[in-house]
Every structure is written in C-alpha cells, then in structure tokens.
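A.B. asks: Encoded as structure tokens, here's the structure I'll be asking about.
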Amino acid sequence: MLLQGKRTLVLEGGGFKTSFSTGVLDAFRITEFDDFDAYVGVSGGALALSYFLSHQFGVYYKSMTALCKDPRFIQFSKAFTDGLMNLDFFLELAEKDFAFDLDTAILQLENKEFYMVLTQCEDGKTVYFQPTKETWMDATIATSTVPLLTKGKHIIGGVPYADGGITDPIPIKWVVEQGATDIVLIRTTQQGFKPSVFRPDFIAAQFIRDNEHIKHAIEHYQHKLKDSIDYADQFIDGITIKQIVPEIPLKTNIFTNSVQSILSDYRYGLEAGLNFVFEQRNYR
C-alpha cells in the first residue's frame, strides 16, 4: 500500500474556491506546521499544494487575484472552442510573474510522497499521478483541465488527461485504501452539502459529445462529491480523519470574477488554518 503509516494531507479542488485552501496552507507555513509524510491534491488543490511545498508564502493567492483581474484568462466567448478559462495563459503567468520554485518543491519531497489526481480521458479511469521534475508543470495543467471550462485535455507522455476531480472529487477513500490512518482533509465544499436539483455540471455535460466516459463522470459529479464527503464523515475503525471545512458556502466559485471574494475566502482559510494548528498543538 502506497500510504501505509504515512500522515497524509488531502486537498479538494474547486477552481478559485481554493483561495480558502491556500489560506489554510499559508497558515500552516507561517506556523511551521508540516509534519506530513504524503500529500494528495485534486485540481486547484494540487496547485495550492505545489506552492506550499515550494515554501512560497502567499504566491498562489496572488496568482489567483491576478488571473481574476486579467480578461485574457476568462473569456465566455470561447467556452465551446478553447474553453472558458485559458490554462496556457495561467502557465505563462506562473512562469513569468509568479514563478514556481520547482527545485525547492522537489527537495521538500525527499522521503515523502505527492500525488496529483487526474482522469485518463480514453477510459475515464482515475489516475493518482506522482509528478517528477520533468512532468510537474504538465500535471498541474492536466489536473485543472475540464471540458468547456478549459481546453478539455492535456497530454502527458502521449496520454490525454483531464481534471481528476471529474472522477474522484475528494480522494479520501483512495487514501484510506492505500493504508493512511492519520489524515487531514482540507475541503472547499461546505458543511451540509447536498446535490442540487438544478445542476450546472449536469447541463454542461450534455454539450460533451466526443467522450462518453467524461460526459458520464461530469453528469454524476455532485453525487460522487456527496459520497466522498459522507465517507470522510463516517467513523472508520483505526482511521483518524481531521477536516478543515467551510461552515457556509464560500464566496468564490469555480470561475469567479471578484478579487474581494478571493480575499474574503483566503482570510477565512487563513483563520481556519491558524485555529486548526492551535487546536492540534494544544490538545494532543
């Protein structure tokens, strides 16, 4: 089992909603709270973890606010062609203005594990991908690639991948199956979440005509999300799952356009992270 005996940090994705997650991670960094042996991230959660591992405090938050303000990132006119969000522009921005310190991230993973959750487009299977120095940036693009929202797929080693959140929104069950017994889960989905009657993801899936695997996964996304949350909330003998969860829906959404909402959720996450560290250090 890949995570046997490893204290594991798991991050849900959620586009701009990961402003909450990066607030939590920045709280961990400034309090030097990083006693984890393994990290698992989905979509924006994988990006937030990447910057956390590189010890770049506040950089991912700043990149989100920059993207939010730049009209080249979100273009509604391209939703049915290149995708609503321009991930190639994000990569360009990350390399130029918010350069990711890959060397430090690789160094921090010595004797540790990091998995990015991807979906293999050809068969719709979930892949728990360990990035290398050569594949890290491609993997971050792949785990954030969703049909209609982005270009739909990204190639790594000749294989087309998409966002892992399509098939495993919160990979908590996989983490447990891999032997982890001490888990911290940072969610972007609020307490008390229930699949809605009006589901934009289901409607969006009807426009996907060239990949039945991906279409089916997106149609059932909210139910998979609820199943993952229910699994994390249940008592499992011998397993400890501590969760950092918004009590109410975040102000951001997957493709927000408000810098103020990003700042609000980032501060919310920062406070939640500081409170969590305080509780862990004082009540162990």
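The values are calculated or read from the model by the stated rules, or taken from the named source; none is laboratory data. Model, not experiment: these values are computed from the prediction. Cβ: placed from backbone, ideal geometry, glycine included. Neighbour counts: every protein chain shown. Ligands, DNA and RNA are stripped out before the accessible areas are found, and what is left, the full protein with its side chains, is counted by its heavy atoms. Shrake-Rupley method; radii C 1.70, N 1.55, O 1.52, S 1.80 Å.
A.B. asks: Checking the structure you have, find out if any residue of segment 48-59 is open to solvent by less than 10 Å² (accessible area, probe 1.4 Å), at pLDDT below 95 and in a helix (DSSP H, G or I).
C.D. replies: Looking for residues that are open to solvent by less than 10 Å² (accessible area, probe 1.4 Å), at pLDDT below 95 and in a helix (DSSP H, G or I), one finds none in segment 48-59, hence no.
A.B. asks: Specify the residue that is farthest from Phe33 (Cα to Cα); the eligible residues are those in segment 117-126 that are more than 18 Å from the chain's Cα centre (by Cα) and open to solvent by less than 60 Å² (accessible area, probe 1.4 Å).
C.D. replies: Asp123
A.B. asks: Name the pairs: first residue in segment 231-245 and without any contact (Cβ under 8 Å) to a residue 40 or more places away in the chain, second residue crowded, with 16+ Cβ neighbours inside 10 Å and of a type in the set (S, T, N, Q), Cβ to Cβ under 9 Å, at least 6 apart or on different chains?
C.D. replies: Asp233/Gln243
A.B. asks: Give me the pairs, please: first residue somewhere in segment 14-36 and farther than 14 Å from His55 by Cα, second residue anywhere and open to solvent by 30 Å² or more (accessible area, probe 1.4 Å) and at pLDDT 95 or above, beta-carbon distance under 7 Å, and either six or more positions apart or on two chains.
C.D. replies: So the pair list comes out as Phe20/Tyr268.
A.B. asks: Scanning for something part of a strand (DSSP E or B), modelled with pLDDT under 90 and open to solvent by less than 50 Å² (accessible area, probe 1.4 Å), does segment 105-116 turn up at least one residue?
C.D. replies: The answer is no; no qualifying residue exists.
A.B. asks: Now a separate question. Which of (1) modelled with pLDDT of 85 or more; (2) assigned to a loop (DSSP other than H, G, I, E, B) does Arg72 not meet, given it meets every other one?
C.D. replies: That leaves (1) as the condition not met.
A.B. asks: Looking only at segment 223-249, filter to residues that are of a type in the set (Asp, Glu) and assigned to a loop (DSSP other than H, G, I, E, B); which one of those is farthest from Asp265 (Cα to Cα)?
C.D. replies: Asp237
A.B. asks: For the condition under 20 Å from Thr167 (Cα atoms) and open to solvent by 10 Å² or more (accessible area, probe 1.4 Å), what is the one hit in Gly41, Gly45, Gly14?
C.D. replies: Of the residues listed, the single one that is under 20 Å from Thr167 (Cα atoms) and open to solvent by 10 Å² or more (accessible area, probe 1.4 Å) is Gly14.
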